[in-house]
Structure formats: structure tokens, C-alpha cells
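Some notes on the structure that comes next.
The values are calculated or read from the model by the stated rules, or taken from the named source; none is laboratory data. Remember, predicted model here, so these are calculated numbers, not experimental data. No Cβ is skipped: glycine too gets one built from the backbone with ideal geometry, and neighbour counts run over all protein chains shown.
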Amino acid sequence: MAQAIGRLGESRMKLSNRGRISPFHVMEVLREANALAESGEDIIHLSVGQPWVEVPEKVRQHAAKLLTDGATLGYTDAKGIMPLRRKISQFYKDREGIDVPPERIIVTVGSSAAFYITLLSAFDVGDKVAIAIPYYPAYPNMLEAAGLVPVYIRTDASTHYQPTVEMLEALPEKPAGLVIASPSNPAGTVIDKAELERIVRYCDANGIRLISDEIYHGITYGGVKAASAAGMSPNAVVVNSFSKYFLMPGWRLGWAVVPEELQRSYESLLQNFFISPPAISQHAAVAVFDCLDELDSVVGGYARNREILLEELPKLGFRGLSPAHGAFYIYADVGNFTNDSDRFCKDILQQTGVSIVPGQDFDREEGHHFIRFTFAAREAHVRESLQRLKNWLK
């Protein structure tokens, strides 16, 4: 019997290579920080990209009323409820000045589902999809899990860590797809509208499916505005989320603007993978569009935190800071401190209680001398973090 079962913990069962992807270090940092907090340590989170502000009261009241009134909250249309899709369509018209029909908008279980379903509906196993370094770590991991091949475009501060048409032209072969993010994670930088239009035209002319990650739209600073690819090409897939600007990260709701030729496969995949997005989240999100002034005031708080960090971090010795024109991140070079940013961040967490993310998540080759600060936090916590870092670096 013992021989048939094998040693404890040993298994002869097949394991899929799809799961053998890199871990999401941000979440592992969060896990360690939470463990320290549970043991009584005073932890300040400058790691996870999530607003510290709660969803507007009007949204919570609307959700509570739905529950107390006994509203029907069963499965919805796999593409999302039409009242929400109409609100999103109107939002594009009011904020971007572009016409995006609600029929092209598909509501998803967070932007992560939108991104993955886009990969499955637009590409076949073995297709190559280009992404810029540094990148949101889920990009290459999802590509690899879907059987696709990431093609990396090395960027630097000279292009604000964003790809250019010239970089695309320099690739040895044209990829089937290109993923861009503006504002980006981890650098928080924005692609200029004219450059975005050049990228869109290049992709259309060369049969490259463009996927534009726009989940940080609405969060920009200093007069910078992030343009949407949704109004530039009917071929682009635009992914967005309720988790950042709309302050609804735990509600797991996103959307995609989907080209007509992908609509049917997109819907079929969603039906089979997810059935529908969460009903309560969809109905609650309808109300968030009545809270835009409140959301914009939260962005004003991020702006103050950004200014504090951009002014104070260089005084502490952090170099090569990304300009952070959008989102709520600053990407910093710590090569003068360490050649192991993972160990550096662990030491800071354990010895100061400040949680920061190492660059390995965003760049597997050179991330060992970069870190990312998140400033979607209380201003008092940002200032306290700087004081703790100052004392520790001495």
C-alpha cells in the first residue's frame, strides 16, 4: 500500500506547464506585510496598486438598497447589463469626446478577465505578442499561460518607458499583437496622443492587433491627458477597469471595447468561463457615474502625494525617477543602494514597516536594481514612510 501511494507529498500525476509561470511578487509582498501587521507591526503600504479611499457612499447605499429591497441579482447577460454599458458609453462621450456604442462595450470580471479573454479570442497558440519592458507582470504571465509568446521591447527613461513606432519597426519580425498601457504600471507614464495615433496607424497598416490597457484613465497630473485608442481604430481592443479611478477594486468589475469581428468569440468565451460578471457589482457601478466630482477630488490627493515623493525621494538618494504623469506609481533606480532589490525591499519592510515592491515583477532582466512606490495612500502615511526610510538609510 505504501509503495503504491509513494512517499508523503510525492505525486506521479501530470502537472501542466501553464501554471509554471512567475509568481506575482506584489501579492507576495502584500502577504508578508499582512503577516507582519497581524503580529502587531505598524505597516505602511506603498506596494499594492489600490486606492485607500473607499467607494463613494452613494454607491454603497445603492448596493445596500438593492439587497434590502430584494432585487433579483441572478446571472446577467454575459456581456453585462445594458444600463451599465450605456453609462460607460456616455462616459466616453463626455470625458473623451468619442462615440463608443454600448454594443461594442463588454463588461467583465475585472480587467484581468478582459485581458485574458482578449488573448484567447484574438490569437492562436504560438502567436507572438509584443510588450514593453517594464510591464505589468500579469501581461507575460497571461501570455505564457495562454500558449502565446511574449516579444519584449526594451524601453528606458528616454521614451518614458513607453514603446515607439521605431522600436516596433526594429523588431526582427512583426508580432501578431501589441500590448500598450497608458498610463502605465509601474512607471506611471503616458503615451502622447500624437504618438499613440502613430502606433495605432502602424498596427492597423501591419495587421497587428493592438490591446490598449487604459485602466488608469482619469488619473493624470499636471495637465497631462491620456488619450484613448477606442476613438482611433475599430480594430483595437481597449481594456478598462472600475478598480482604480472608480475606487471599486474589490468589486471585480472591468470592461473592454471590442471590435465587431471579435464580439461573438468574446461573448462565447465569457459565457463558458465566467457566465456573467457579478450582478451586484454591475448594478452598483451604475451609480458611480454620478460621483465623478468625488472621484476627481481623490485624484487631487494622489497628486499631492506624487509631488511629495518626487521632491523628497531624490534627497534620500533614489535616482532616475519616472515622471509619473499618471496612475499612482513611481519607478525608481536603486542601483546605488543595491543589486538585489528583492532583498532591499524585504529589509525595508522588516526593519521599517514600509512595504515597497521590487522591480523583478516588472523586468526579469534588470529589475534587480529598480523598485516601485505606490502613492495611492494617505498623505500622512506617505510622509511617515519617507521619515522611516530617511532614518533607515542613515
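Some points to look at:
- Here is the figure for region 172-221: residues that are basic (Lys, Arg) and in a helix (DSSP H, G or I) total 3.
- Test: Ser47 is modelled with pLDDT of 95 or more and among the small types (Gly, Ala, Ser): no
- Applying the criterion of being within 17 Å of Leu253 (Cβ to Cβ) and hydroxyl-bearing (Ser, Thr, Tyr) to the residues of region 93-126, the residue that is surrounded by the fewest Cβ atoms within 10 Å (Cβ to Cβ) is Ser112.
- Single residue of Val149, Val107, Val129, Val165 found to be under 25 Å from Leu247 (Cα atoms) and either in contact with a helix residue (DSSP H, G or I) (Cβ under 9 Å, 6 or more places away or on another chain) or not assigned by TED's automatic domain parsing to the domain that holds Arg198 (or both): Val107
- Among residues of region 50-63 that are at positive phi, none has a beta-carbon under 6 Å from a residue that is surrounded by 13 or more Cβ atoms within 10 Å (Cβ to Cβ) and part of a loop (DSSP other than H, G, I, E, B) at least six positions away or on a different chain.
- Residue identified as under 17 Å from Asn185 (Cβ atoms), touching a residue at least 24 places away in the same chain (Cβ under 8 Å), hydrophobic (A, V, I, L, M, F, W, C) and not in a helix (DSSP H, G or I) among Ala132, Ala114, Ala71, Ala78: Ala132
- Any hit, region 35-48, residues being closer than 24 Å to Ala256 by Cβ, in a helix (DSSP H, G or I) and in contact with a strand residue (DSSP E or B) (Cβ under 9 Å, 6 or more places away or on another chain): no
- Of the helices (runs of 4 or more DSSP H) lying entirely inside region 234-316, the ones with 2 or more residues being within 13 Å of Ile105 (Cβ to Cβ) are found at 263-273, 279-288.
- Residues within region 267-312 that are in contact with a Gly (Cβ under 9 Å, 6 or more places away or on another chain) and among the basic types (Lys, Arg), tallied: 1
- Residues located in region 168-200, provided they are over 26 Å from Gly126 (Cα atoms) and touching a helix residue (DSSP H, G or I) at 6+ places or on another chain (Cβ under 6 Å): Arg198
- Summed over region 169-193, the residues that are free of Cβ contacts under 8 Å to residues at least 40 places away in the same chain and within 28 Å of Ala332 (Cβ to Cβ) give a count of 4.
- Candidates Lys174, Lys225 - the one that is under 26 Å from Ser297 (Cα atoms) and either surrounded by fewer than 16 Cβ atoms within 10 Å (Cβ to Cβ) or not assigned by TED's automatic domain parsing to the domain that holds Ala327 (or both): Lys225
- Residue in region 6-25 that is in a loop (DSSP other than H, G, I, E, B), loosely packed, with under 11 Cβ neighbours inside 10 Å, at pLDDT 65 or above and of a type in the set (Asp, Glu) present: yes
- Leading residue by the ranking (surrounded by the most Cβ atoms within 10 Å (Cβ to Cβ)) among those in region 58-76 that are β-branched (Val, Ile, Thr) and within 24 Å of Ile275 (Cβ to Cβ): Val59
- Within region 249-276, considering residues that are polar (S, T, N, Q) and exposed (fewer than 15 other Cβ atoms within 10 Å of the Cβ), the one farthest from Ala236 (Cα to Cα): Asn272
- Among the candidates Phe289, Phe318, Phe273, residue that is under 30 Å from His368 (Cβ atoms) and of a type in the set (A, V, I, L, M, F, W, C): Phe318
- Ser297 closer than 30 Å to Gln387 by Cβ, of a type in the set (Ser, Thr, Tyr) and free of Cβ contacts under 8 Å to residues at least 12 places away in the same chain: yes
- The residues of region 317-367 that are of a type in the set (Asp, Glu) and either surrounded by fewer than 22 Cβ atoms within 10 Å (Cβ to Cβ) or assigned to a loop (DSSP other than H, G, I, E, B) (or both), listed by number, are Asp333, Asp340, Asp342, Asp347, Asp363, Glu365, Glu366.
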